[in-house]
Amino acid sequence: MTVPAVEAVDVWRTYELDGVSVSALRGVSLTIDQGEYVAVIGPSGSGKSTLMHLLGGLDRPSGGRLVIGGRDVTTLTAPELATLRNETIGFVFQAFHLLARTSAVDNVALPLVYRGVGARQRRERAAAMLGRVGLGHRLHHRPNQLSGGEQQRVAIARALVTVPAVLLADEPTGNLDSATGEAVLELLEQLNAESGVALVMVTHDQEVAARARRRIAVRDGLIRSDSAHDRPPSDGSGVPATLDPAPSAEPRSVSGSGPGHPPGGSGGAAGATGRLPRPGERPRAEQRLPRSGGDAG
Amino acid sequence: MRLAEAWRVAWDALRANRLRSVLTMLGVIIGVASVVILVAIGTGTKQQVEQQVEGLGSNLLLVVPGRIEVGNAPVVSPLDLSDADAVSRVVGDPGRVAVTVASGATARAGNRSDFTTVQGVLETTPSVFTRSLSRGRYLTGADVDTSRRVAVLGDSVARALFPDRDPLGQQVTLAGVRFRVIGVFAPLGQSLGVDRDDEVHVPVTAAQRLWGTQRIDGIAVKAPDRERIDELGERIVAELSRRHPDTEFSAVTQRQILGVLGDILGVLTGVLAAIAGISLLVGGVGVSNIMLVSVRERTREIGLRKAVGARPRDIGVQFLLEAVLLTSVGGLTGMALGVGTALLVDALSPIPAAITWWSLALAFGVSAAVGIVFGVVPAQRAGRLDPVVALRAE
Ligand SMILES: Nc1ncnc2c1ncn2[C@@H]1O[C@H](COP(=O)(O)OP(=O)(O)O)[C@@H](O)[C@H]1O
Ligand SMILES: [Mg+2]
């Protein structure tokens, strides 16, 4: 373990609304290590999204210290911060945020545009990435020609095409039905395990959160609990065995992307076939157990 | 982001909203086209008039009572033929002096009639003003001396009165008096919308008898020495002032006429261009407006682009290029439309139009500049958007 991917020390975020200060975050400290899988839970309005925006350098803290990829955010200019985002962070949003009139492959290639990569190489890398999320057959579809699950997969491919250190997913399944959401979730988990990108995911679902190696509970702008401090990881520090910074060219098949698999998935079949087994994964039946009113928010 | 990439993004954005882009461009198209057309007409008219004045010869001197200035009322002439003789003595060659006494009159031949200008002149007129005949002969000294009722018709008058006959030897009635046609002028064309072939020349003596006057309106001199034309003018004015102490006289050269006309037509062209420029400005405001709408509509897109690494400048440049592209494509289209219309006007109507490169360059430059000027505010607004707020926009 070298430098942490992101480090926040006593971070505050205060908004001024009509002269009244509202603190969305009130002194948050946490460290995201390379390759981690972290679930962030907490009721609505507790500051989860604000935290994600800060961890991704999309926003600046009002107080405290925030270091992303070894660089102190407060010392960076707006263009420098943009470049840092481009190089180290991938965002996945609840609302997908794809460019409507742009094909899947060009949507995925967008971050490379701002990195100055030539058009041809961009397309190649975007197409390869789409292949990894199981959309190799949807390169030239536009968002409105794709299902919700497929759109979110495109967004995930876009987040990962730059080979970032951290993937920040803010309720990535919030706009999807449960089966499709499950498939997207499995994809995220698999990419985390395979490529070594740290995955920080906001979720309302306790069950989903339970699958993460580390859970952070946020309430009223404060971290109420962080499982990293409750019990030190016993399974080899929670870092996946393979740290693979560049997406390899070899077709390492992705869950639910095999031929004949229905796009977006329907029913519980998504990801049930052709999936690589992952250490620490819970049996499927258990995942689908009815929830018992533990829904946050 | 590479600039070529930014151009492509801007172009795609405009194409995605084709109708709106075209409507926005329309303002610029109309503005640029009207600049090009109006400047072409102004320039064409100026060139035509200058050509005609130059056709008079650079050693022509026009002597008239009163001052030649814009806005001065004409003065009743005190001149008569003895003054013309006096001027001839100053010049030293009667063959270089021409006179005119002119009035509107109805010319009749058979059952046809034409209202025209009858000019009483000396036999020297064709050499002083460089006029040529298409047929027959001009007036002679004997015609003038004996007040002979003979007439030389302008081309238009000849066509109007004798559409299917040879006018030579025919009778025309001018203000009720019969004249015999001895010649027809070669056509001159139009000047500032005035038909220069709508005139009839008769001996000055016959014209004076026709209208019961001894007066002449003015004297024209073809100076023997171009270098000393101003000095000759002064001497003529001095002589006439001596003979008519109560009247002011002016001697104007072609150069002065060109100067005055050039000033008038230059101002006219400028005013036309300015009016057209205002419509270009209005087009620019339209571009600004649409760009602001576009920034608002695409707030989430801006937020997303920033999230994946677009710098404020990348976003600003993208929107600025979009505005510049709108106005430049509009400008090019307007130029094509303007040039086409101007060429049509020149070919199909009596209004002359001349395309000048400077007006095209100006119109295009201004339209591109309009894009920059009116695109900067929306572009800056886009570049400065807070990505978090932008991503949350509806
Ligand atoms: N731009 C803003 N201006 C003012 N208050 C804000 C802004 N963004 C978020 N907040 C407030 O900060 C708090 C946390 O918001 P958020 O991080 O979106 O919560 P969560 O994602 O956990 O639902 C909320 O009370 C919200 O109203
Ligand atoms: Mg939220």
Practice task
Please tell me if A:Gly148 is over 19 Å from A:Ala100 (Cβ atoms), in contact with a Ser or Thr (Cβ under 7 Å, 6 or more places away or on another chain) and either away from chain B (no Cβ under 14 Å) or crowded, with 23+ Cβ neighbours inside 10 Å (or both).
Solution key: no
Problem - Any chance B:Asp246 is modelled with pLDDT under 90, in a helix (DSSP H, G or I) and of a type in the set (Asp, Glu) - result: no
Practice task
State yes or no: is B:Ile355 in contact (Cβ under 8 Å) with a residue 12 or more places away in the chain, closer than 21 Å to B:Asp12 by Cβ and either within 14 Å of chain A (Cβ to nearest Cβ) or of a type outside the set (Asp, Glu) (or both)?
Solution key: no
Practice task
Inspect all residues belonging to the stretch A:100-107 and state whether any of them is hydroxyl-bearing (Ser, Thr, Tyr), at negative phi, part of a loop (DSSP other than H, G, I, E, B) and more than 11 Å from every other protein chain (Cβ to nearest Cβ).
Solution key: yes
Completion exercise
Going through (1) under 30 Å from A:Asp205 (Cα atoms); (2) within 13 Å of chain B (Cβ to nearest Cβ) one by one, A:Gly131 fails only at (2)
Exercise for the section: Could you tell me whether B:Arg311 is of a type in the set (D, E, K, R), farther than 23 Å from B:Asn17 by Cα, surrounded by 19 or more Cβ atoms within 10 Å (Cβ to Cβ) and out of contact with any strand residue (DSSP E or B) (no Cβ under 9 Å at 6 or more places or on another chain)? Expected result: yes
Exercise for the section: Could you list all residues from the stretch B:357-394 that are closer than 15 Å to B:Ala33 by Cβ and among the β-branched types (Val, Ile, Thr)? Expected result: B:Val366, B:Val370
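So which residues in the stretch A:69-99 are part of a loop (DSSP other than H, G, I, E, B) and without any contact (Cβ under 8 Å) to a residue 24 or more places away in the chain?
Of all residues in the stretch A:69-99, those part of a loop (DSSP other than H, G, I, E, B) come to A:69-70, A:76-77, A:93-99.
Hits for the stretch A:69-99 are A:Leu76, A:Thr77.
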Exercise for the section: Keeping to the stretch A:33-50, report how many residues are more than 9 Å from ligand 2 (Cβ to nearest atom), outside any loop (DSSP other than H, G, I, E, B) and more than 13 Å from the chain's Cα centre (by Cα). Expected result: 1
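Residues to consider are B:Ala323, B:Ala336; find the one that is in contact with a Gly (Cβ under 9 Å, 6 or more places away or on another chain) and without any contact (Cβ under 8 Å) to a residue 60 or more places away in the chain. Walk me through how you get there before you give the answer.
Working: B:Ala336 fails: in contact with a Gly (Cβ under 9 Å, 6 or more places away or on another chain).
B:Ala323 is the lone residue from the list that is in contact with a Gly (Cβ under 9 Å, 6 or more places away or on another chain) and without any contact (Cβ under 8 Å) to a residue 60 or more places away in the chain.
Residues to consider are A:Gly149, A:Gly116, A:Gly134; find the one that is in a loop (DSSP other than H, G, I, E, B) and farther than 22 Å from B:Pro312 by Cα. Give the derivation first.
Values: A:Gly149 fails: in a loop (DSSP other than H, G, I, E, B); A:Gly116 fails: farther than 22 Å from B:Pro312 by Cα.
Selected residue: A:Gly134, the only one of A:Gly149, A:Gly116, A:Gly134 that is in a loop (DSSP other than H, G, I, E, B) and farther than 22 Å from B:Pro312 by Cα.
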Exercise for the section: Quickly run through the stretch B:56-82 and pick out the residues that are at pLDDT 65 or above, loosely packed, with under 15 Cβ neighbours inside 10 Å and polar (S, T, N, Q). Expected result: B:Ser58, B:Ser82
Exercise for the section: Just one of (1) in contact with a helix residue (DSSP H, G or I) (Cβ under 6 Å, 6 or more places away or on another chain); (2) surrounded by fewer than 24 Cβ atoms within 10 Å (Cβ to Cβ) trips up B:Gly338, so point out which. Expected result: (2)
Exercise for the section: Please tell me if A:Val38 is more than 14 Å from chain B (Cβ to nearest Cβ), surrounded by 16 or more Cβ atoms within 10 Å (Cβ to Cβ) and within 13 Å of ligand 1 (Cβ to nearest atom). Expected result: no
Practice task
Spot the failing condition for A:Ala169; the list is (1) within 16 Å of ligand 1 (Cβ to nearest atom); (2) surrounded by fewer than 22 Cβ atoms within 10 Å (Cβ to Cβ); (3) among the aliphatic types (A, V, I, L, M), and only one is missed.
Solution key: (2)
Handout entry: Residue among A:Gly19, A:Gly47 that is in contact with a strand residue (DSSP E or B) (Cβ under 9 Å, 6 or more places away or on another chain) and among the small types (Gly, Ala, Ser)
Key = A:Gly47
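Just to be sure, is B:Val366 within 33 Å of the chain's Cα centre (by Cα), more than 14 Å from every other protein chain (Cβ to nearest Cβ), over 30 Å from A:Thr50 (Cβ atoms) and modelled with pLDDT of 90 or more?
On the way: within 33 Å of the chain's Cα centre (by Cα): yes; more than 14 Å from every other protein chain (Cβ to nearest Cβ): yes; over 30 Å from A:Thr50 (Cβ atoms): yes; modelled with pLDDT of 90 or more: no.
No; evaluated as a whole, the condition is false for this residue.
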Practice task
Looking only at the stretch B:188-203, decide whether some residue is on the phi < 0 side of the Ramachandran plot, among the polar types (S, T, N, Q) and under 26 Å from the mean Cα position of the chain (by Cα).
Solution key: yes
Practice task
Check off (1) among the hydrophobic types (A, V, I, L, M, F, W, C); (2) in a helix (DSSP H, G or I); (3) in contact (Cβ under 8 Å) with a residue 24 or more places away in the chain for B:Val293 and give me the number that stays unchecked.
Solution key: (3)
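Matching residues to (1) away from chain B (no Cβ under 13 Å); (2) more than 16 Å from ligand 1 (Cβ to nearest atom); (3) over 12 Å from A:Pro164 (Cβ atoms); (4) at pLDDT 95 or above:
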residue	(1), (2), (3), (4)
A:Val28	yes, no, yes, yes
A:Thr50	no, no, yes, yes
A:Arg60	no, no, yes, yes
A:Gly70	yes, yes, yes, no
A:Thr77	no, yes, yes, yes
A:Leu84	no, yes, no, yes
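The values are calculated or read from the model by the stated rules, or taken from the named source; none is laboratory data. As the structure is a prediction and not an experimental result, all values here were calculated from the model. Cβ sites come from the backbone with ideal geometry, for glycine too, and all protein chains shown count toward neighbours.
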